[in-house]
Amino acid sequence: MAAAVTWGPLGWPGHLLTWIYLAGAAGGYWWLRRHEAVRAARQRREDAAAWAARKAEWHRVAHLIGLGDFHLQEATKTLLGEELLLTSAPGSELATRVAANSRPYAEKYAHLRGLPYGRVDIRTTDYPGQLVIEIREKDPSVSGPVTHPALDPDSLFKDWFPEHRSIRDPVTIGVIPETGEPMDLVLWDGEGGKAIGIYSMTGGGKTNILDVIREAVTAMDDAVLVNLNGAGSGDERAWEPLSLLTAAGLQEDDPGVREKIMGALRWVRHLIGERAESAARTGDSVFQPSRRHPAVVVIADEIDETAKPEGASKSLEFLASKQRKAAVILILAGQRATATWTGGAGVRINLSTVVTGMLARDSESRHAVGAENEIPDIAGYSGGEAGFFQIWSTRAKKILARGRGFYIGRIGDQQREIISKRDPAARPVLEGAGVAPETAPRERPGSGLRERLGKVQALNEDRPLPAGAPRGGALPVVPGVPPETMAVLYPLLASGRTSATAVGLRLGVSKTTAYEYLAAMRKYGFAEVAGGGRSSGLQLPKRPEVPDEMKEPLRQYNAASQYTTLADLAQAVHDGLVDADDEAWNVLEEVRRIAGRKRLSVVPDPPGDGE
């Protein structure tokens, strides 16, 4: 400015000062135009103008689809399209009412945007008066199946599947197309194990999802797998080398398969009771799984056939209601979502999570958890393509995730790429497990039944029994009443009048099972009816006495129950100490013959001169 005053703005030869001023002004303008603050301010103005135009566009069409009372608050881009967040003023249309009857609104909005059916969904949020419109401009099924990282080493999702996993980690069963995030299924958390239902029609991908779960469980350091299937044995047999127990086959034609299924259910049931006692000793309200005491994941496929054997449905009902605190996870799978195909109404009411795929009827999804819950059908989302599933929380009553399940290949691919590369000996083993449940279905393999009964007997010897108890400190042996149940039931009857309801609550069994125990006690003279009317109940007689017609059956049962192995019982029958009919005698004679076979022994060389 001083130079301009002295020589004039156009001073110096060739107006050099003016050119310097113009160059500095242009450089300063160029620098300011590209400065971060200036560009951010410009972007804010453009975004504000675009947002105002977008809100104006929404209000031009909102009344056409019946949502004129809802205002656009936010638009979020997704990998397939966008999501619109709407809010309404108090006193206007309820958001829950709109979401419950969302099809007409979704169809009108899809029509306005030129989208096919199934590309618009409307749901509520966690706050009153809010709606979310999900818009998928791209079809999620266009890209085709997503191969499981176990079969695709170059998969983009391989980091989701480490070599060693834990039951405490969610199992990733697929990917969410809108966000690219994992679709996680929780099997166990701080509240305990989950009861999960998985339902999809034939060809919908149900077996594939079960194999994805099997792959995850068999890679866990603190969980073991139990496979049950009463209608076949394909995938179950393939995963048998890595499983703790497999009971699969056509139970309708094979009594052995039925007995294996029932044996497995009895074993899991007793394991739950044993772990409940362990939790009482440790002070944990929920059993904590570890490598020595792993969680047990029971997968029961084709549940309509698996639950057919007599007593199986009641056992499944017990497991679904009692498994949570014992680190037992129950996964039921079927082709339909009706009560029959979910293991029964008593099982369905205890499901914590439901995974639904493509079903035969769009109204069938809600039956998975009861008709009062409206679970949307996934066919509109998937366009009828197989392999799409949604995870529904029965507690929150909403969809937790929805997307495409990983494709884990055929049985041959699984055996070649997964099963053959894993060491079966490296899996967790239940401490004390020595007998496979299918080989001894009437006992508790791996749960220490005999040791536990020994503890009960020792406890009874140290504790005075109620009046009328048998001499010698031993509890009576009654057919139909397990010995460990007798340790609780006998003192309960001796303490005064009781009912089947009270016994069921005390033992943790259903009222029907408790009534069967009491009926057996009454049949053999160890319980009598006391009182009348509603106040009536059962109690221990002052002098328990077995009726004459029951003495011989009880003597035979009592005599047979003294033998802990089949070999001991067979020898007792051979010696005439225990009565048996011809058929049983022939079987036990064969048992005695096999038990008496000579066995080879390896004898080390005695120390000497090396000859």
_Förster radius 41 Å - calculated FRET efficiency between A49 and A89, Cβ distance, rounded to 0.05_ = 0.95
*Sticking with the crude label model, points 7 Å out along Cα→Cβ, report the distance from Q73 to L32 in nm, one decimal please.*
4.0
_Computed FRET value (nearest 0.05) for S285 with V429, which takes r as the C-beta separation and R₀ as 22 Å_ = 0.30
*Considering the zone a paramagnetic label at R237 would reach in this model (a point 7 Å from Cα along the Cα-to-Cβ line), which residues of the range 381-418 have amide N under 17 Å from it?*
410-416
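Using a 10 Å cut-off on Cβ atoms, rank the peptides 172-178, 514-520 from the highest mean neighbour count down. Please report the intermediate quantities before stating the final value.
Working: 172-178: 22.9, 514-520: 18.9.
Ranked by mean Cβ neighbours within 10 Å, highest first: 172-178, 514-520.
Give K206/K308; K108/K206; K194/K308; K55/K398; K194/K511; K138/K206 a once-over and call out the pairs whose C-alpha atoms are over 30 Å from each other. If you can, show how the numbers build up before the last one.
Numbers: K206/K308 21 Å; K108/K206 33 Å; K194/K308 23 Å; K55/K398 28 Å; K194/K511 24 Å; K138/K206 25 Å.
In this structure, K108/K206 exceed 30 Å between Cα atoms.
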*What distance in nm separates the simple spin-label points at E590 and E57, each placed 7 Å from Cα in the Cβ direction?*
7.9
*Points 7 angstrom from Cα along the Cβ direction at R422 and T125: gap in nanometres?*
4.1
*³J(HN,Hα) across the range 62-73 via Karplus (A = 6.51, B = -1.76, C = 1.60, θ = phi - 60°), whole Hz, x for Gly/Pro?*
4, 6, 6, 9, x, 10, x, 7, 9, 10, 6, 10
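What is the extension gain from R497 to R42, computed as 0.36 nm multiplied by their sequence separation minus the C-alpha to C-alpha distance, in nm to one decimal? Walk me through the numbers on the way to the answer.
Working: separation 455, 0.36 × 455 = 163.80 nm, distance 8.40 nm.
So the extension gain works out to 155.4 nm.
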*asked:* Just to confirm my numbers, what's the Cα centroid distance between the range 109-162 and the range 66-84 in Å?
replied: 15
*At a Förster distance of 45 Å, what's the computed FRET efficiency of R97 paired with W160, Cβ-Cβ distance as r, to 0.05?*
0.70
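May I ask for the net charge around W160, where only other residues with Cβ less than 11 Å from the Cβ of W160 are counted and Lys, Arg are +1 while Asp, Glu are -1? Before the final figure, lay out the partial values.
Values: positive: K158, R165; negative: D159, D169, E181, D184.
Local net charge: -2.
Let me check against my output: what whole-number percent is the relative contact order of the range 107-248, with C-alpha pairs under 8 Å and at least 6 apart?
Working: 149 pairs, mean separation 19.5, N = 142.
The normalised contact order for the range 107-248 reaches 14 percent.
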_Rounded accessible area per residue of the range 77-216, 1.4 Å, Å²_ = 48
_Among 247-260, 322-335, 200-213, 496-509, how do they line up by average Cβ neighbours within 10 Å per residue, starting with the highest?_
322-335, 200-213, 247-260, 496-509
*asked:* Using a 1.4 angstrom probe on the protein heavy atoms only, could you order R123, R60 from most to least accessible area?
replied: R60, R123
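The values are calculated or read from the model by the stated rules, or taken from the named source; none is laboratory data. All values reported here derive from a predicted model rather than from experimental measurement. As a convention, Cβ positions derive from the backbone with ideal geometry for all residues, glycine included, and neighbour counts pool all protein chains shown. Just the protein is used for accessible areas: all its heavy atoms, side chains included, with ligands, DNA and RNA removed. Shrake-Rupley method; radii C 1.70, N 1.55, O 1.52, S 1.80 Å.
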